[in-house]
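Undergrad: For reference, the structure I am asking about is given below.
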Amino acid sequence: MSMAESGWIAAIEENKLQENSVKLVSPKGIGVLIIRKTGNDIYAVSNKCAHMACPLRGGALDGYILKCPCHDWRFDIRTGELLEAKEIKIKVYKWKIIDGNIYVKL
Ligand code: FES
């Protein structure tokens, strides 16, 4: 089975993702934020807030907590969980690096 058939999609070249940076990518038109803290400490989460679907891009990142720019809901990028109510989540994607590219599993 090919990578694409298994749901893994190339999202960004690894060397385009600096440490402490957030990049919006759109594999297959799905907005995904790729976040690199350091080295392989990388996270891939939906760009769509679980509240009213505002783009999370541009929200403040404090440690592992990403704050939605619209109404300040705060999500843990490691789990996708809303801090105040863990049953509410943004989608978290698996990722892996192959040949210098970061792939996400949609
Ligand atoms: S849309 Fe994100 S907090 Fe309201």
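The values are calculated or read from the model by the stated rules, or taken from the named source; none is laboratory data. Here the structure is a predicted model, which means the values were calculated and not measured. Cβ: placed from backbone, ideal geometry, glycine included. Neighbour counts: every protein chain shown. With ligands, DNA and RNA removed, areas are computed over all heavy atoms of the protein, side chains included. Shrake-Rupley method; radii C 1.70, N 1.55, O 1.52, S 1.80 Å.
Undergrad: Six or more apart or on different chains, Cβ atoms under 8 Å: show the pairs whose first residue is in the stretch 19-33 and at positive phi and surrounded by fewer than 16 Cβ atoms within 10 Å (Cβ to Cβ) and whose second is not charged (D, E, K, R) and not in a loop (DSSP other than H, G, I, E, B).
TA: ASN20/THR38; LYS28/ILE9
Undergrad: With respect to the numbered conditions (1) assigned to a loop (DSSP other than H, G, I, E, B); (2) open to solvent by less than 60 Å² (accessible area, probe 1.4 Å); (3) closer than 18 Å to LEU106 by Cα, which one is the sole condition not fulfilled by ARG78?
TA: (2)
The rows are residues; the columns are (1) open to solvent by 60 Å² or more (accessible area, probe 1.4 Å); (2) of a type in the set (A, V, I, L, M); (3) in contact (Cβ under 8 Å) with a residue 40 or more places away in the chain.
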site: ILE42; (1), (2), (3): no, yes, yes
site: VAL45; (1), (2), (3): no, yes, yes
site: CYS49; (1), (2), (3): no, no, yes
site: CYS54; (1), (2), (3): no, no, no
site: ARG57; (1), (2), (3): yes, no, no
site: TYR64; (1), (2), (3): yes, no, no
site: HIS71; (1), (2), (3): yes, no, no
site: ARG74; (1), (2), (3): yes, no, no
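Undergrad: Here is a list of conditions, (1) under 24 Å from LEU17 (Cβ atoms); (2) in contact with a strand residue (DSSP E or B) (Cβ under 7 Å, 6 or more places away or on another chain); (3) near the ligand (Cβ under 9 Å from one of its atoms), and CYS68 meets all of them except one; can you say which number that is?
TA: Of everything listed in (1) under 24 Å from LEU17 (Cβ atoms); (2) in contact with a strand residue (DSSP E or B) (Cβ under 7 Å, 6 or more places away or on another chain); (3) near the ligand (Cβ under 9 Å from one of its atoms), CYS68 misses just condition (2).
Undergrad: In the stretch 81-96, what residues are open to solvent by 60 Å² or more (accessible area, probe 1.4 Å), farther than 15 Å from ILE30 by Cβ and part of a strand (DSSP E or B)?
TA: Hits for the stretch 81-96 are LYS86, GLU87, LYS89, LYS96.
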